[in-house]
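Written below as structure tokens is the structure these notes are about.
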Amino acid sequence: KWLLSQIGPLHYVKQRNHLERDVTMKGLYFQQSSTDEEITFVFQEKENLPVTEDNFVKLQVKACALSQINTKLLAEMKMKKDLFPVGREIAGIVLDVGSKVSFFQPDDEVVGILPLDSEDPGLCEVVRVHEHYLVHKPEKVTWTEAAGSIRDGVRAYTALHYLSHLSPGKSVLIMDGASAFGTIAIQLAHHRGAKVISTACSLEDKQCLERFRPPIARVIDVSNGKVHVAESCLEETGGLGVDIVLDAGVRLYSKDDEPAVKLQLLPHKHDIITLLGVGGHWVTTEENLQLDPPDSHCLFLKGATLAFLNDEVWNLSNVQQGKYL
């Protein structure tokens with residue numbers, strides 16, 4: 001709450017026509033308590049960055065999106081620091097480039113995601129980042145739109161293009177389609193000529209999804225807990241099942257063992273397997289997914305594949321990957 005009151009509910013925007021280069025800047029960091037239960041946010045002063053070298057780009061930040069801080073992943077990666085930088089999805093203008101930079105030049109407008117081991121927070125006036133973590137920003141896309149959509153855009157594209165090989169004519173089930181990730185995934189699927197089915201977790205979400213153009217083939221309202229997702233998908237596809245499933249989490253056990261209200265809106269893993277068609281692709285965000293031998297055998301008979309969508313798969317640095325693996 002303190003963080004949001006300081007820098008706004010959705011994103012932090014810094015607009016300046018001229019940037020003084022010889023000043024002390026402030027960046028936002030978080031510090032985790034020894035019990036790992038509380039996180040404290042602090043502004044830390046830092047000297048102006050030195051002249052960029054090698055493959056690094058010096059960037060004036062125009063907008064930075066606030067995404068969830070995955071403290072569990074940081075612990076798994078054994079990244080022990082006193083202060084961790086806040087804000088990783090950034091958009092801005094290139095101020096300077098290193099001698100080996102080949103993709104950018106000063107005054108280019110770019111957008112990107114800072115790696116986990118970045119020393120600089122996105123919530124700062126100037127950052128220093130490797131050129132491979134940046135791309136050119138389209139001219140008609142605003143700073144806030146670029147920073148706010150880059151993370152979910154990369155996730156959705158990874159799920160549809162790399163993990164499920166989406167092609168025209170395929171049927172796609174996108175769970176929780178009204179979420180940030182879901183709306184981008186729906187648009188990408190429509191762009192590739194796919195037939196989209198989506199679930200809605202509330203009446204507002206259902207109305208939002210029904211306004212999509214081109215329209216979604218079917219919106220399944222799961223808010224009351226009475227609609228069976230598998231039956232609805234099989235009915236929509238003539239009993240063949242869907243070709244691609246992008247979940248937003250799944251239930252691993254019975255409802256009695258998972259009493260939380262939020263979990264009741266998630267489909268059971270057996271429902272996903274049931275509605276998946278022959279040769280289908282299931283892309284899951286459930287990192288602790290457990291499949292019993294009968295589940296694996298059913299996927300085997302269908303010739304189906306299972307892929308895990310890791311939010312950080314493209315952003316882990318080579319050094320940290322080697323250390324982790």
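Results, tabulated for the structure shown:
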| item | result |
| --- | --- |
| Solvent-accessible area of W143 with every protein chain in place, 1.4 Å probe, in Å² to the nearest 10 | 40 Å² |
| Amide proton proximity set for A307, modelled H, under 5 Å, gap of 5+ | W282, V283, T284 |
| Segment 285-295 - phi-based ³J(HN,Hα) in whole Hz, Karplus 6.51/-1.76/1.60, Gly and Pro as x | 9, 7, 6, 10, 4, 10, 10, 7, x, x, 5 |
| Exposure rank, largest accessible area first [D107, D247, D311; 1.4 Å] | D107, D311, D247 |
| 5 angstrom amide H check on S171, placed H, neighbours 5+ away | K195, D243, I244 |
| FRET E, pair S223, Q187, Förster distance 25 Å, beta-carbon r, rounded to 0.05 | 0.65 |
| Links that overshoot a 27 Å alpha carbon limit, given the list K72/K302; K137/K206; K62/K170; K170/K269 | K72/K302; K137/K206; K62/K170 |
| Computed accessible area, R128, all protein chains, 1.4 angstrom probe, square angstrom | 80 Å² |
| Counted charge near C208, where neighbours are those whose Cβ lies closer than 13 Å (Asp, Glu -1; Lys, Arg +1) | -2 |
| Per-pair calculated FRET efficiency, R0 = 30 Å: E312 and E53 via Cβ, rounded to 0.05 | 0.70 |
| Accessible-area ranking of H161, H191, largest first, probe 1.4 Å | H191, H161 |
| Charge dipole (debye, nearest 20) of segment 164-308; +1 at Cβ of Lys and Arg, -1 at Cβ of Asp and Glu | 540 debye |
| Largest to smallest accessible area among T199, T274 [probe 1.4 Å] | T274, T199 |
| Residue-level accessible surface for F212, protein heavy atoms, 1.4 Å, Å² | 30 Å² |
| Cα gyration tensor shape for segment 164-308, rounded if a/c is under 1.5, else prolate or oblate | oblate |
| In sequence order, calculated HN-Hα J values of segment 235-247 (Karplus, 6.51, -1.76, 1.60; Hz; x Gly/Pro) | 5, 5, 9, x, x, 7, x, 8, 7, 9, 10, 10, 8 |
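The values are calculated or read from the model by the stated rules, or taken from the named source; none is laboratory data. None of the values given here were measured: they were computed from a predicted structure. Cβ atoms come from the backbone with ideal geometry, glycine included; neighbour counts cover every protein chain shown. Ligands, DNA and RNA are excluded from the accessible area calculation, which covers all protein heavy atoms including side chains. Shrake-Rupley method; radii C 1.70, N 1.55, O 1.52, S 1.80 Å.
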